[in-house]
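Written out below as C-alpha cells is the structure these notes cover.
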Amino acid sequence: MILPDRKIIYIKIPKTASTAVSAAIWDHYGIDRESVSDAAINLNTYFGDPLGVDGWHVDYARIMAHLGTAFAEYTAFSVIRDPLDRTVSVYRWAKSKRPNNSCLRDFPTFLQALEDGNPALPNQARLHARAQIGWLRTADGTLGDIELFDQAHLNDLVPFFETKLGFSPVFETVNRSPRIDVPLDPSLSARVRTFFHEYQRLYDVITASRGLALPL
C-alpha cells in the first residue's frame with residue numbers, strides 16, 4: 001500500500017493483523033477497499049486489474065520497482081507475527097475456505113504440503129503461507145529498509161501512525177481465522193520453525209526489542 005501524501009509504504013503481509021492495520025488507513029481516507037484510490041494505492045488494482053486472490057498484498061520489491069527514484073522519499077513499515085502462530089492461522093483460514101482440499105485435511109498434512117511445494121494447495125493458502133521474509137526483500141534478495149512491528153504488540157504502532165500518518169488509529173476491524181482445533185506437539189512446532197528458519201531468526205531479533213524501528 002502506497003500513501004503518496006505522507007510518503008509512507010505499508011507492506012501488508014497476510015495473517016499479521018493486516019486487515020486491522022489496513023482498515024485504520026482505509027477508514028481515515030474514506031477508501032472503499034474494493035476500488036482504486038490515489039490516496040492509498042494498491043498496485044494489484046491500480047492498473048485496472050480486478051481485486052483477486054492477492055488483495056492488497058504487494059511485496060516490498062514490487063513497490064520499490066514501481067516508485068523508482070521516488071522510492072527514496074518514502075518510509076516503509078510492516079507488521080510481522082510469530083511464524084508458528086501465523087502458520088496455524090493460515091491453516092485455519094484456508095481450511096474454512098476449502099474444507100475438502102486434500103492438502104488441508106489436518107495441520108500436519110498442510111505443513112507437509114508447504115514443505116513439498118504441493119501444487120494442489122489452494123492459491124490463496126499458498127499466498128498467505130508465503131514466508132513473511134519474502135514480502136520484505138528487495139529485488140536482489142536483501143532485506144528492505146523497513147520499520148517492523150510485532151503483531152502481538154499492535155499498539156506499538158500507534159505512535160508511528162500519529163507521527164508519520166498524522167492520525168491516531170483504531171485497530172478494531174479483524175479478519176479472524178475460525179477456531180479450528182490444531183493439536184500441536186513439540187515435534188510439529190519445531191518443524192514449522194525449521195521450515196521458516198530464516199524468518200524465525202529475524203522475528204527473534206525484532207521481538208527482543210519490541211520491534212521498534214530496528215536497523216536490519
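We did not get these values from a lab; they are worked out from the coordinates using the rules stated. This is a predicted model, so every value here is computed, not measured. With ideal geometry, Cβ positions are generated from the backbone for all residues, glycine too; neighbour counts draw on all protein chains shown.
The alpha carbon centroids of the stretch 43-100 and the stretch 115-130 are separated by 15 Å.
So if R0 is 30 Å, what FRET efficiency would residue 72 and residue 162 give, r being the distance between their Cβ atoms, rounded to the nearest 0.05? For R0 = 30 Å, the calculated efficiency reads 0.80.
Label sites at residue 102 and residue 51, each approximated as a point 7 angstrom past Cα along Cα to Cβ, lie 3.4 nm apart.
Using 0.36 nm per residue and subtracting the Cα-Cα separation, the extra length available between residue 118 and residue 138 on full extension is 4.6 nm.
Once C-alpha pairs closer than 8 Å and six or more residues apart are averaged by separation and normalised to the residue number of the stretch 2-208, the relative contact order reads 29 percent.
Cβ crowding within 10 Å ranks 58, 21 as 58, 21, fewest other Cβ atoms first. Distance between the pseudo-spin-label points of residue 194 and residue 180 (7 Å out from Cα toward the beta carbon): 2.4 nm. Of all DSSP bridge pairs formed entirely within the chain, close to 30 percent run antiparallel.
For the peptides 11-20, 124-133, residues were scored by their other Cβ atoms within 10 Å and the scores averaged per peptide; the highest-first order is 11-20, 124-133. Angle of helix 197-208 to the longest C-alpha principal axis of the chain, folded into 0 to 90 degrees and rounded to 10: 60°. In the set [x] 12.0; [y] 12.9; [z] 13.6, the label that goes with mean projected area of the Cα convex hull in nm² computed for this structure is [x].
Applying a DSSP loop filter and a limit of 15 other Cβ atoms within 10 Å to the chymotrypsin sites (Phe, Trp or Tyr not before Pro) in the stretch 24-95 leaves 46, 47. In this calculation the C-beta distance from residue 170 to residue 205 is compared with R0 = 30 Å, giving a FRET efficiency of 0.55.
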